[in-house]
C-alpha cells in the first residue's frame, strides 16, 4: 500500500467536493492536522473513519486504500464486514485504554505505599519495609515508562516492528 498515493487521492477527493481540510475535519470529527497528515501520507484514517470517507465520496474502501478509482462499487456485505472490523478495532482500543487506566490506579496506590514507608521512616527501620519500598518505587517507575510509551504511540510501533520481524523470519525460513 502506497500511503503517499492514498494521501494524494484523499486530497484530490476533498478538493473535488470543494471542501477545506478544516471542513472535512469537522465533518469527520477529527482535527485539521489529522486530515493534513492523511493527505501527506504520514498517517491513514482508522477503519471506521475510512468507511465514513468512502460514504462521503461515494467510493469503495478498496479505491481509497489503493489511491485510485475503480469501476466497481463496494457491495453491502463487504461494507458490513468492514464496519464490524472497525467496531472490533474500537473495542480493542477501549479495552487497552481501560487496562492502562487500571494500571495507573494500581501504580498510584503503590506510589502511596512508597511515600508512606519513606516518610514515616519505616523503610529505614527494617529491611522488609525497605524492600517493599524499593519494590513499590520500581513498579511505579516501570508503569510510568509504559504509560509514556503508550501515550506516545511507541507500544504500537514496537508491536508492528515485532510483527514485521516475525514475518521476515517466516519468509526467510526454508521450506522443509
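The equivalent ellipsoid that matches the C-alpha gyration tensor of the stretch 3-66 spans semi-axes of 15, 13, 12 angstrom, in descending order. Computed on the stretch 89-172, the Cα convex hull volume stands at 112 Å³ per residue. Test of understanding: extend the Cα→C-beta vector of residue 146 to 7 Å, then name every residue of the stretch 89-115 with backbone N under 20 Å from that spot. Correct set: 92-115. Test of understanding: extend the Cα→C-beta vector of residue 23 to 7 Å, then name every residue of the stretch 46-64 with backbone N under 11 Å from that spot. Those under the cut-off are none; the list is empty. With neighbour counts taken as other beta-carbon atoms within 10 Å, the residues 111, 119 rank, fewest first, as 119, 111.
Nearest 10 degrees, 0 to 90: what angle lies between the long axis of helix 3-16 and the longest principal axis of the chain (Cα atoms)? Rounded to the nearest ten degrees, it is 60. Over the chain, the ratio between the Cα radius of gyration and 2.2 N^0.38 Å evaluates to 1.51.
For the chain, the longest principal axis of the Cα atoms and the long axis of helix 76-119 meet at an angle of about 20 degrees.
Any read-out appearing in this document is the output of simple, stated calculations on the displayed coordinates, not a laboratory observation. What you see is a predicted model, and the numbers here were worked out from it, not measured in a lab. Here the Cβ is made from the backbone with ideal geometry for all residues, glycine too, and neighbour counts use every protein chain on show.
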